[in-house]
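First the structure, in the form of structure tokens, and then the observations on it.
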Amino acid sequence: MNERLEIKFAKIHNQRYAVTANSGTSTLHMALNAFGVGHGDEVIIPGLTVAMCGYAVWQCGAVPVYADVKKDTFLIDPLDIEKKNNKKNKSYYGRSSIRINVRHDRNHENSKKK
């Protein structure tokens, strides 16, 4: 069943492959692994999120670093990402626990400053 779904999904999106997962946590874990996140790395995540976001980082052997969220938007604060950005940071993700779109433009600029 999954194989049929993956083949159809890949075809619809003009891709060679597609991969399904059983949960958002598994999906985050796969994405972090695909980006090479591992032992000794840090991943910045919002302090206001579900526990599974941190678990996915931990499952890769990395350390979740919690950044503040903005009071007016409940989204990860780009200024706090900038403060926490260092050579151990492999990634960040701004998942909103209340399904608000995250603006990555400033966050992307901060990630380039390493």
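The values are calculated or read from the model by the stated rules, or taken from the named source; none is laboratory data. Being a predicted model, the structure only gives us computed values, none of them experimental. Glycine also receives a Cβ, built like all others from the backbone with ideal geometry; neighbour counts cover every protein chain displayed.
Filtering region 1-47 to residues that are farther than 28 Å from A67 by Cβ and assigned to a helix (DSSP H, G or I) leaves N2, E3, R4, L5, E6, I7, K8, F9, A10, K11, I12.
Confirm whether N110 is touching an Asp or Glu at 6+ places or on another chain (Cβ under 8 Å), closer than 18 Å to L28 by Cα, at pLDDT below 85 and surrounded by 15 or more Cβ atoms within 10 Å (Cβ to Cβ).
Numbers: touching an Asp or Glu at 6+ places or on another chain (Cβ under 8 Å): yes; closer than 18 Å to L28 by Cα: no; at pLDDT below 85: yes; surrounded by 15 or more Cβ atoms within 10 Å (Cβ to Cβ): yes.
No; evaluated as a whole, the condition is false for this residue.
Conditions (1) closer than 24 Å to M30 by Cβ; (2) modelled with pLDDT of 85 or more; (3) assigned to a helix (DSSP H, G or I), marked per residue:
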{"position": "T49", "(1), (2), (3)": "yes, no, no"}
{"position": "G61", "(1), (2), (3)": "yes, yes, no"}
{"position": "F74", "(1), (2), (3)": "no, no, no"}
{"position": "E82", "(1), (2), (3)": "no, yes, yes"}
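Quick one: would you say Y55 is surrounded by fewer than 16 Cβ atoms within 10 Å (Cβ to Cβ), touching a helix residue (DSSP H, G or I) at 6+ places or on another chain (Cβ under 8 Å), under 14 Å from Y93 (Cα atoms) and modelled with pLDDT of 90 or more? The answer is yes for Y55.
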